1. If you take every DSSP beta bridge fully contained in the chain, what fraction is antiparallel? Give it as a percent rounded to 5.
2. With θ set to phi - 60°, apply the Karplus curve 6.51 cos²θ - 1.76 cosθ + 1.60 along segment 56-62 and write out the HN-Hα couplings as whole Hz, x wherever there is a Gly or Pro.
3. Given Cα pairs under 8 Å that are at least 6 residues apart, what percent is the relative contact order of segment 114-245?
4. Which pairs, out of K75/K173; K15/K202; K45/K202; K7/K191; K53/K201, put more than 29 Å between their alpha-carbon atoms?
5. Please work out the C-alpha center-to-center distance from segment 93-144 to segment 5-24 and express it in whole Å.
6. Provide the net charge surrounding A28, with neighbours chosen by a C-beta distance below 14 Å and charges set as Lys +1, Arg +1, Asp -1, Glu -1.
7. Treat the count of other C-beta atoms within 10 Å as a stand-in for reagent exposure and order D8, D208 from fewest to most.
8. What is segment 65-163 by shape, rounded, prolate or oblate, if you read a ≥ b ≥ c off the alpha carbon gyration tensor as root eigenvalues and call it rounded for a/c under 1.5, prolate for a/b larger than b/c, and oblate otherwise?
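Taken together, the values in this text are just the output of simple stated rules run on the coordinates, not laboratory data. This structure is a prediction, so every number in the text was calculated from the model and none was measured. Cβ atoms come from the backbone with ideal geometry, glycine included; neighbour counts cover every protein chain shown.
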Amino acid sequence: MKVYIEKDALAVAQKALSLIKNQITKKADSRICFATGSTPLDLYKLLIEDYQKGKIDFSKMVTFNLDEYLGLDLKNEHSYHYFMDHNLFNHINVKRENINFPDVKKYEKEHQNGSYEQVIEKLGGIDFTILGIGENGHIAFNEPGSQEQDITRVVDLTESTINANKRFFASEKDVPRKAVTMGIGTILKSKKIMLLATGPKKAQAIYDTLLKPVSSNCPASFLQNHKDVTIIVDELSAKLIKNKI
Ligand code: F6R
């Protein structure tokens, strides 16, 4: 895994921007998988700025998202559909028909495990995936205990994730308890993976991801088994790995 330690969150976003621009410049019809959460927000702002300056064209890009809550209307301001529209998609020239999410209704009613994988495969697979990381080492909603072969499925959120995500909701009881998430196996099929982390709360998870043996206790550690992963972290989240990598 390639690791870049940047001075702060903005520098992390700038480095991430350069990697995505490189990808889209080389292949305009790149199939890119996006994450929600606070970490990629600076990156999405920079992508919008570059688009407004005419430096980047998203008209051929195909998008996927990692996950979505269960039990929220897709127009609800806490849904990941809403998040992506408001923080990125509404501000760039991505085509609506090129935006893909797991079909929450299908998963909710029929537990159609694997149907998202069929969509991804039909569209040619994912070229580049953007990941954040949870304090407990989760990627997407693959909580500790997830397995390397897991595909897209309905999962229960752990107390740690409910706690971390309650900041976006009026109260903890409003945080959905279930989500649909790409599995670790789905994520590992992406040709390139870029994981971003900022802030001291992510330091232990970054240490476990990079320096501990691969284990389902830290789902992000499965990334060690992928051949093209770039990890971009700020000084604060790198405090336990400094001088050790
Ligand atoms: C979001 C996602 C999550 C977040 C993670 C970190 O689509 O899949 O795994 O990346 O929970 O969230 P933040 O960035 O808010 O700390």
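1. Expressed as a percentage, antiparallel bridges in the chain total about 30.
2. Going residue by residue, I get 8, 10, 9, 5, 9, 5, 10 Hz, with x marking Gly and Pro.
3. Across segment 114-245, relative contact order equals 30 percent.
4. K53/K201
5. Result: 23 Å between the Cα centres.
6. Local net charge: +4.
7. D8, D208
8. Judged from the Cα gyration tensor, segment 65-163 comes out rounded (a/c under 1.5).
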